[in-house]
1. Within the set of pairs 6+ apart or on separate chains, which have a first residue in the range 145-162 that is free of Cβ contacts under 8 Å to residues at least 40 places away in the same chain, a second that is open to solvent by 60 Å² or more (accessible area, probe 1.4 Å) and assigned to a loop (DSSP other than H, G, I, E, B), and C-beta atoms under 9 Å apart?
2. Return yes when Asn271 is in contact (Cβ under 8 Å) with a residue 60 or more places away in the chain and not basic (Lys, Arg) and no when it is not.
3. Answer with yes or no whether Lys37 is of a type outside the set (Gly, Ala, Ser), at pLDDT 95 or above and farther than 28 Å from His128 by Cα.
4. Please go through (1) touching a residue at least 40 places away in the same chain (Cβ under 8 Å); (2) more than 19 Å from the chain's Cα centre (by Cα) for Gln209 and return the number of the only condition it doesn't satisfy.
5. Considering the range 24-38 alone, what residues qualify as being open to solvent by 20 Å² or more (accessible area, probe 1.4 Å) and either in a strand (DSSP E or B) or under 16 Å from Lys75 (Cβ atoms) (or both)?
6. Please find, within the range 219-230, the residue that is nearest to Ile163 (Cα to Cα) out of those that are open to solvent by 50 Å² or more (accessible area, probe 1.4 Å) and in contact (Cβ under 8 Å) with a residue 12 or more places away in the chain.
7. Give me a count of the residues in the range 202-218 that are more than 15 Å from Asp167 (Cα to Cα) and either open to solvent by less than 30 Å² (accessible area, probe 1.4 Å) or aromatic (Phe, Trp, Tyr) (or both).
8. For the range 218-268, what are the residues that are among the acidic types (Asp, Glu), over 16 Å from the mean Cα position of the chain (by Cα) and part of a strand (DSSP E or B)?
Amino acid sequence: MAKHLYIHIPFCNSICAYCDFVRFVCNNTIKHEYINKIVKQISSIKNKMDSIYIGGGTPNSLNNVDLFNLLNTCKKLCSTKTEFTIECNPEFINQEQIDIFKKNKINRISLGVQFANDKLLKQFGRKHDVQKCVDAIKLLQSNKINNISCDFIYGINELTNVIIKKDLEFIYKNKIPHCSFYSLELKHNSKLTKDGYKINEEFQEQQLQYIEKNIKYKRYEVSNWVINKKYESVHNKAYWLSKDWIGIGLGAHGFEDKKIYENVGTVKKWNKKITKLSNKDYYFQIIMMGLRLKEGLDLNNKTYKSAYDFFGDKIKKYTMIKNNHLSAKNINLIDNILLEII
C-alpha cells in the first residue's frame with residue numbers, strides 16, 4: 001500500500017526559460033475544473049499518507065478557493081506525522097495564503113528561489129526579486145512555518161563564485177534548514193534550448209566543487225543539503241528508496257507494485273501510461289535511485305540486497321559497503337555507475 005502521494009498542478013502565470021515540466025498558462029475556469037477533478041481522485045484514497053507533495057507548475061498561483069479545496073481534501077489523508085509539502089513561488093506568498101496553509105496542515109514549503117541575484121532572476125524569466133524571497137521567508141517564519149527548503153540552480157555560464165557565495169549567505173542569513181542545488185539541464189522544450197543556449201560543462205563542474213567546498217550544511221543526496229538530519233525530505237527519500245507512491249494529476253508520475261506510470265493527456269482528460277517493470281528494470285530503479293543518497297541502501301533490506309546481487313559485479317569499482325550499507329564512492333559520478341550497468 002502506497003504511503004506517499006504526489007500531486008501535480010501544471011499551471012504557471014509565466015514560463016521560466018529553463019523549464020520543461022508539464023505546465024500551462026491557463027484561465028481560472030480551466031484551473032477550477034482541473035482541481036475539482038483531482039480532488040475527486042484524492043478523495044478515493046482511504047489510508048493515511050507518510051508524505052504528501054504538491055508540485056508543479058506553480059501550486060501557490062491557484063486562487064484561494066481552489067487552493068483551499070485542494071489542501072482541505074489532502075488534509076484528510078494526514079496523520080500527526082505526515083510531511084505535507086507545497087512548492088511555492090515567492091511572489092504569490094501572502095498572509096491570506098499562509099492562513100490557508102496552516103488551516104490545512106501544510107508543514108513544509110519548497111521555495112523556488114533559484115538565484116540570490118536579481119540580474120540572473122530576470123534573465124531566466126523569474127517574476128520575483130531577492131527581496132521578495134526574503135519577505136516571503138520572513139512572513140512564513142513569523143507564522144511558525146520554519147521547515148522551508150530553497151531551490152537554487154548552478155551550472156549556468158553566467159554564474160560566478162561570488163554569486164554562489166551570495167546564495168550560500170542567503171541560506172544562512174535567512175535560517176533555511178534545507179536547500180537544493182540543481183545543475184541546469186537543457187530540456188528539449190525549454191526556451192533556453194530553443195534559443196541555442198550551450199552549457200560549459202567545465203564551468204558546471206567547477207561550480208559544484210565550489211558549493212561542496214564552501215557550504216556549511218550536510219549533503220545527504222546528490223542535489224540536497226540539510227542543517228541537520230531531521231530536515232531531510234521524507235517525500236523525496238521515498239523516491240530515492242524506491243518506495244511506492246501515488247501520482248495524481250496531468251504530468252504526475254507514480255510507482256506502485258513494480259509498475260511505473262505517467263499521467264498523459266490534456267488538462268481536461270488524462271490517463272495512466274503504465275510500464276510493468278521486469279526484475280532487472282526494478283533492480284535498476286533501486287540502484288539508480290538509492291545510490292543518489294549519501295548513506296546509500298541498507299542491505300539488510302532483502303529487496304535492496306537482491307538488487308545489489310543482480311548488479312554487484314558491474315558496480316563494485318564505483319561503490320562501497322560500510323555497516324552493511326551500499327553507497328557510491330563518489331555520488332558526483334553516479335552517471336558513470338548507471339552507464340556501467342546499462
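1. Within 9 Å, the pairs are Asn146/Lys175.
2. No.
3. Spelling it out, Lys37 is indeed of a type outside the set (Gly, Ala, Ser), at pLDDT 95 or above and farther than 28 Å from His128 by Cα.
4. (1)
5. Phe24
6. Per the criteria, the residue is Ile227.
7. Qualifying residue count for the region: 1.
8. Matches in the range 218-268: Glu256, Glu262.
The values are calculated or read from the model by the stated rules, or taken from the named source; none is laboratory data. The model shown is predicted, which means the values in this text are computed figures rather than measured ones. Here Cβ is always computed from backbone atoms with ideal geometry, including for glycine, and neighbour counts include all displayed protein chains. SASA here: full protein model, heavy atoms, side chains in, ligands and nucleic acids out. Shrake-Rupley method; radii C 1.70, N 1.55, O 1.52, S 1.80 Å.
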